[in-house]
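Worksheet: one structure, shown below.
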Amino acid sequence: MSPIAETVRRLHRAALVALLAAPVLDPGRAVGQAADPVSVALTGDRAVPASRCARYEVEVSPPKPGTEVRLQRRRSGAWDTIARRTLDAVSTASFRLCFGWNDLGTVRIRAIWPQQDQMNLAASSVPLDVRVPRAAWMKRIDRLSAGVGVGVSVREDGHVLYRRRDGRRRVPASNEKLLLTLALLDALGPDRPLQTLAAARGPADGVVGDLWILGRGSGGCAGR
């Protein structure tokens, strides 16, 4: 074999060995794509009373200004996108999230940066659990209506803001008054006088302030 042919044979063998020793590339990875995803941080209030709103901040690094970031909420075992924002010049975005009656309990949210270039992979923040208790005015209605046979429903623009036993069936109050009147008439008779009381705070300078007619006694106050 000639020296030239021997040299070519050796070069071919060296190239084949190098090819077999080279690592296998993942065909699904884009050329130049980084192995590490971006970092997404979500911060904000962890306790927000129902009927109130709170602001949540998202920061993505390395900086990705002009790209989209999404706020998601966990529902029925899946993540639903509830808002989208564009990252500003310093790679941050702000979300305003409001909580209502149907959010009472714990709401789990997260921020996600979907892949939008060949440099980084998609990533999401650590989920944030937000506790949503009753607001102070809701607790006050709870106290005032406790032990009282009433139902309460507060709505605005078709949205339920508060509800308490509003779906329970009840006997109309007017029907109860008829039955009570018949029972009292039968037990006391038509000639039994019933005293109706009026109450007020002590007069000041001869002037009586607010006057209350107490809800008991005679049903009519004519001539009194």
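Here, each number is a calculation from the coordinates, and none is a lab measurement. Note that this is a predicted model, so its numbers are computed, not measured.
For region 56-63, what does the Karplus curve 6.51 cos²θ - 1.76 cosθ + 1.60, with θ = phi - 60°, yield as ³J(HN,Hα) per residue in whole Hz, taken in order and with x for Gly and Pro?
Residue by residue, region 56-63 yields 10, 10, 10, 10, 10, 9, x, x Hz.
What relative contact order, as a whole-number percentage, does region 135-189 give when Cα pairs under 8 Å and 6 or more residues apart are counted? Numbers along the way, then the final one.
Values: 27 pairs, mean separation 12.0, N = 55.
This gives 22 percent for region 135-189.
For region 58-162, what does the relative contact order come out to in percent, with C-alpha contacts under 8 Å and a separation of six or more?
Values: 152 pairs, mean separation 23.4, N = 105.
In percent, rounded to a whole number, it is 22.
Restricting the count to DSSP beta bridges whose residues both fall in region 39-132, what percent are antiparallel, rounded to a multiple of 5? Mind showing how you got there, number by number?
Details: 32 of 33 bridges.
Counting DSSP beta bridges with both partners in region 39-132, the antiparallel share is about 95 percent.
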